[in-house]
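Bear in mind that the values in this text are calculations on the coordinates, not laboratory data. Note that the structure is predicted; figures quoted are calculated from it, not measured. Note that each Cβ is placed from the backbone with ideal geometry, even for glycine, and that neighbours are counted across all protein chains shown.
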Number of protein chains: 2
Amino acid sequence: MTVAHPGLTVWFTGLSGSGKSTLSLAVCEQLAASGYRVQLLDGDEVRLFLSRDLGFSKHDRDENIRRIGYVAELLTKNGVITLVSAISPYRSARDSVRARIPQFLEVYVNAPVEECERRDVKGLYKRARTGEIKTFTGISDPYEQPLTPEVECRTDLESIPESVERVIDAILARVQTS
Amino acid sequence: MTVAHPGLTVWFTGLSGSGKSTLSLAVCEQLAASGYRVQLLDGDEVRLFLSRDLGFSKHDRDENIRRIGYVAELLTKNGVITLVSAISPYRSARDSVRARIPQFLEVYVNAPVEECERRDVKGLYKRARTGEIKTFTGISDPYEQPLTPEVECRTDLESIPESVERVIDAILARVQTS
């Protein structure tokens, strides 16, 4: 069963460990199971294919987001609900993507850095604290919060199913009324 | 009107001036007019978005093709007929993309280099002959012909409408029987 619907870019931004991957994967699976055409672009995976040459300076992070944004734009204009999960710490880079994609929905996956560090799913905060990772978002590198995200999920205060439901409601409100 | 169909990557390879852009654009317009979901990825344009950092060494050309291939793969698995127009001079790079995309159709846009140089639409052959462009495919850099392309268009021997028709026939044979 497939559902007819327009494309949409759903951009999950937030600190490492805030819950972007968990949330975007759950949203992806639920939409796919309901017959929506959906593609998840995970920042870490996309880097392997599009940005092996890039590091983590502001310039390189911005270039990485520009490339992911281009791919999201192509998928979106071809009717795919495209979920992007990427730290994307700089507001101007996110806003540049938004400016290119009319069907854009920003999800701020928000948990305090202390909570993300406590979770430390990938052990990256520990490596950032020892100085092994030099430029780590939230510790030694900036994260610019979205000012007016369409959805904000406080993953330290609400459960994953609650966050998933709110994101899906926002997506359906967009693709069913377009 | 839209037609239900699976995705397909149609890869146009050939020398500069062989007719890839002309042919792929005409195929794109004709399929779109018939209600197919179709996306044209032009090598020159994609470079601007994904590969501004890359030059024209074998390594860089291969990396560029790898990135375009990744984007084509994503579009194709989401049901888009994706037309790629890129010189893509190295056989191994094209075959690597083919190995990742089950729905793949290679179109060899073939005209003798003498004919491409005579046309010299972009004035590039002239710049290659004077040495201004150092590594130019067909002049000072290799072009490895496809060994078993699904379609070969001899653009010096057949008209554009003839080539377009043969490519579209091949596409429809794939997306209508899948």
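Observations
- Computed FRET value (nearest 0.05) for B:Lys58 with A:Lys58, which takes r as the C-beta separation and R₀ as 35 Å: 0.70
- Calculated [θ] (222 nm, deg cm²/dmol) that DSSP helices of n ≥ 4 give over chain A, each run adding -39,500 (n - 2.57): -14000 deg cm²/dmol
- Using alpha-carbon coordinates, inclination of helix B:91-100 to the longest axis of chain B, degrees: 20 degrees
- Listed residues B:Ser18, B:Thr2, B:Gly131: farthest to the positive end of the dipole of chain B (Cβ charges): B:Gly131
- Across segment A:63-68, coupling constants 3J(HN,Hα) worked out from phi with the 6.51/-1.76/1.60 Karplus curve, θ = phi - 60°, read 5, 4, 5, 4, 5, 4 Hz, and Gly and Pro carry x.
- Note, ³J(HN,Hα) from phi for segment B:166-176, Karplus 6.51, -1.76, 1.60, rounded to Hz, x at Gly and Pro: 5, 5, 5, 4, 5, 5, 5, 4, 7, 7, 8
- On Cα atoms only, tilt of A:20-33 relative to the major axis of chain A in degrees: 20 degrees
- Relative contact order of chain B, pairs being alpha-carbon contacts under 8 Å that are 6 or more residues apart, as %: 33 percent
- Across segment B:82-178, C-alpha contacts under 8 Å between residues 6 or more apart give a mean separation that, scaled by the residue count, equals a relative contact order of 34 percent.
- Amide H contacts under 5 Å for A:Gly138: A:Tyr143, restricted to partners 5 or more places along the chain or on a different chain, H placed in the peptide plane at 1.01 Å from N.
- Separation of the B:Lys134 and B:Ala99 label points, Cα + 7 Å toward Cβ, nm: 3.0 nm
- Inter-copy spacing of A:Ala170 label points, which lie 7 Å from Cα along Cα→Cβ, given in nm from shortest upward: 4.5
- Sequence-distant lysines (8 or more away, or on other chains) whose Cα lies within less than 29 Å of A:Lys20: A:Lys58, A:Lys77, A:Lys122, A:Lys126, A:Lys134, B:Lys77
- Loop-exposed trypsin sites (Lys or Arg not before Pro) per DSSP, neighbour cap 15 Cβ within 10 angstrom, longest uninterrupted part of chain B: B:53-121
- Amide H within-cut-off set for A:Phe104, under 5 Å, with H built and near neighbours excluded: A:Thr9
- The C-alpha radius of gyration of segment B:8-175, expressed as a fraction of 2.2 N^0.38 Å, stands at 0.98.
- Net charge contributed by nearby residues that have their C-beta within less than 14 Å of B:Ser96 (K/R +1, D/E -1): +2
- Per-copy distances of the A:Glu29 label point, shortest first, in nm (7 angstrom along Cα→Cβ): 4.7
- Each residue of segment B:39-55 is assigned a 3J(HN,Hα), and the resulting list reads 9, 9, 10, 8, x, 5, 5, 4, 3, 4, 8, 10, 9, 5, 7, 9, x Hz, derived from the Karplus form 6.51 cos²θ - 1.76 cosθ + 1.60 (θ = phi - 60°), x at Gly and Pro.
- Residues whose amide H falls under 5 Å from that of B:Leu41, counting only those 5 or more places apart or on a different chain, are B:Leu83, B:Val84, B:Ser85, with hydrogens built in the peptide plane.
- Distances, shortest first, from the label point of A:Asp60 to those at the same position in the other copies read 1.9 nm; the point lies 7 Å along Cα to C-beta.
- Tensor-based shape of the protein assembly as shown (alpha-carbon gyration tensor, a/c under 1.5 rounded, otherwise prolate or oblate): oblate
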